[in-house]
1. Residue by residue through segment 68-73, what is 3J(HN,Hα) from phi via Karplus (6.51 cos²θ - 1.76 cosθ + 1.60, θ = phi - 60°)? Round to whole Hz and write x for glycine and proline.
2. Would you please put 53-60, 77-84, 141-148 in order of how densely packed they are, using the mean number of other Cβ atoms within 10 angstrom per residue and starting with the highest?
3. Would you kindly derive the ³J(HN,Hα) couplings of segment 92-109 from the backbone phi angles with the Karplus curve 6.51 cos²θ - 1.76 cosθ + 1.60 (θ = phi - 60°), listing them in order in whole Hz, with x for Gly and Pro?
4. Under 5 Å between amide hydrogens, which residues at least 5 positions from N97 or on another chain qualify, with H placed 1.01 Å from N in the peptide plane?
5. Rounded to the nearest 20 debye, what is the charge dipole size of segment 59-140 about its Cα centre when +1 sits on each Lys and Arg Cβ and -1 on each Asp and Glu Cβ?
6. Do the alpha carbons of any pairs in K55/K126; K55/K86; K51/K103; K55/K106 sit beyond 25 Å of each other, and which pairs?
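Derivation of every value follows stated rules applied to the coordinates shown; laboratory data play no part. This is a predicted model, so every value here is computed, not measured. Note that we place each Cβ from the backbone using ideal geometry, even for glycine, and neighbour counts take in every protein chain shown.
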Amino acid sequence: MKPSFISLPATTTLVAAVLIAAAGVAQAPPAGNAPPHEHEHGPMPAPTNLKVLPKNLTGEQVHEIMHGWSAALGVRCGTCHATNPKDIGPDGRARFNYADDSKDEKKTARKMYLMVEDINTNTIAKIDSSGDPVTCGTCHRGHLAPEPWVAPKDDHAHPPGGEKPPIPK
């Protein structure tokens, strides 16, 4: 019996096809078991402890608001919400007790929300062409505590010669 050989180009093509197929199989999630999207969640229960947000919001609406706030402050849910060690989820971790008011951060968030609403209603809305309303991100810019503002060392607000402009009376 005579041995059969495959040409080098055919062998290269065959190896490449096998590697591509193997890579595709390794990357494809099993049907029906696709990993959940990072922000997917189950149905959100109706809120039971709204103190500053409108009481007619759905659980989904509150979730979207909280998602925006957490992004503006660079935090996660656990910053303001306590967990209930007696309520364990299917992942083995304690679930959040969203109605619990024990964390100071949640109390602060409510005060900050009222401050932002007051600024937008009583100041920004009364200025012609004021632009966008104030949000958590206006000051926080992705940080739990806003970064302190530091005046530039080379202040160009003064006229040449170093004299400060007169203060209007």
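1. x, 5, 5, 5, 5, 9
2. Result, highest mean Cβ count within 10 Å first: 77-84, 53-60, 141-148.
3. Values per residue, Gly and Pro as x: x, 9, 5, 7, 6, 9, 5, 7, 5, 10, 6, 8, 4, 4, 5, 5, 5, 4 Hz.
4. Here A82, T83, N84 satisfy the definition.
5. Here the size comes out at about 320 debye.
6. K55/K126; K55/K86
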